[in-house]
Amino acid sequence: MTDDPTSDPLLRALLDRAGVRAVHVRLDEQWRNMLDHAALDYAAPVRDLLGEACVATLLISAQIKFDGRLTLQLNAEAPLRTLFAECTRQGSFRGIARLSSPGTPLTAPLDLREQGRSSLMAVTIEGIPGNLASGGRYQGLVPLESPDLSHALETYFERSEQLPTRMLLAADGERAAGLLIQQLPAPEREVDDDGWPRAQALFDTLGRDELLASDGEELLFRLFHEESPRLMERAGLRFACTCSRERVTDTLRSLGESEAMAAIGTDGHVEVDCQFCGRRYRFDSIEIAQLFHGGLADAGSEGASDTRH
Ligand SMILES: [Zn+2]
């Protein structure tokens, strides 16, 4: 979490009487920070979907006990090839999107149902305590039956959690935001059969423009004031990449010796740019040779040659 909890916050609130929890995420500075570090200039519809995906992982992560990573990944054919967003329970996030034909002009919002017949979207959670049988890992498929991510994830919740859930996501070049409401499990809520329909009716009055334009706390109290929302948590969020020289070393090693040697440029170095944050990793030909013929510890250490471009 960032030192300044007022910037780019995640808010958790309870609507006690209705038996509903709410999570709100708003990314401003940290969303622009992520875009600034991206290796690619995203077309607006791709950028907006990526922003929504980052917000969605943060919203989902707020109500699960885990101490690892939560990812939302779409593997598709075209025009999108990959959409990937990841966050930790500590509030860091990163994401990336790739098109099958870079440079394809895109203007309309991307329809998740039209990214190829073999498209698959999954939510993966690593580091779930007590879930040893699966190595602490959970994976669930997101049905691609809706055009937009908000509705696709609502269907995902309906089928995986069986807790009624609503989600609204929105993003542009300046910010990304989302609101999730979920009915509490029966033992945790008072008997009020009308609570969930009431909360949903209020949720349905919220549009994307208002979501993007509003401060989270103001929005929660304006939208749900009849339900007397109670703020439970306010946490700071930040863009952070988990790349490291060690990971890049592993990737180079997995290429095999001939391919890794072939990647050595005319200046005698291999340069690998992290697609998430733009950090540049440089390896000289001796380090590359050592990957395959001992001396791995040297190649895996933090080198002074890592830079950001
Ligand atoms: Zn990185």
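Values in this text are rule-based calculations from the coordinates and carry no lab data. Just so you know, these numbers come straight off a predicted model, no measurement behind them. All Cβ positions, even for glycine, are placed from backbone atoms using ideal geometry, and neighbour counts span all protein chains on display.
A few points about this structure:
- Kirkwood hydrodynamic radius (C-alpha pairs) into Stokes-Einstein, region 72-230, 4 °C and 1.567 mPa s, D in µm²/s: 72 µm²/s
- Computed on the chain, with alpha-carbon pairs under 8 angstrom and 6+ residues apart, the relative contact order is 25 percent.
- The label-point distance for Glu233 and Thr82, in a model that sets each label 7 Å from Cα toward Cβ, rounds to 2.9 nm.
- Helix 44-61 axis, angle to the chain major axis (alpha carbon atoms, nearest 10°): 70 degrees
- If only the Cβ of Lys and Arg carry +1 and only the Cβ of Asp and Glu carry -1, the dipole of the chain around its Cα centre is close to 440 debye.
- Exposed GluC sites (Glu not before Pro) absent - longest run of the chain, DSSP non-H/G/I/E/B, at most 11 other C-beta within 10 Å: 1-144
- Full-stretch length increase - Arg137, Ala213 - with 0.36 nm per residue and alpha-carbon distance subtracted: 23.8 nm
- If R0 equals 51 Å, the separation of the Cβ atoms of Glu161 and Asp41 corresponds to a calculated FRET efficiency of about 0.90.
- Point-to-point label distance, Asn33-Ser254, nm (Cα→Cβ direction, 7 Å offset): 2.8 nm
- Signed unit charges on C-beta, dipole axis of the chain, positive-most listed residue Ala201, Cys277, Thr242: Thr242
- Nearest-0.05 FRET efficiency for Glu271 and Gln90, computed from C-beta distance (R0 22 Å): 0.15
- For region 41-148, the set of trypsin sites (Lys or Arg not before Pro) satisfying both a DSSP loop assignment and a count of at most 15 other C-beta atoms within 10 Å is given as Lys65, Arg117.
- Mean projection area, nm², convex hull over Cα of region 1-154: 10.7 nm²
- Values of log10 I(q)/I(0) for the chain across q = 0.12, 0.16 Å⁻¹ run -0.85, -1.34, by the Debye formula with one identical scatterer at each alpha carbon and no solvent.
- Calculated FRET efficiency, Arg98 to Glu190, Cβ-Cβ distance, R0 = 51 Å: about 0.60 to the nearest 0.05.
- Taking label positions 7 Å along the Cα-Cβ direction at both Asp67 and Ala122, the computed distance is 2.5 nm, reported to one decimal.
- Per the chain, cysteines lacking a partner by the 4.7 Å Cβ criterion: Cys54, Cys87
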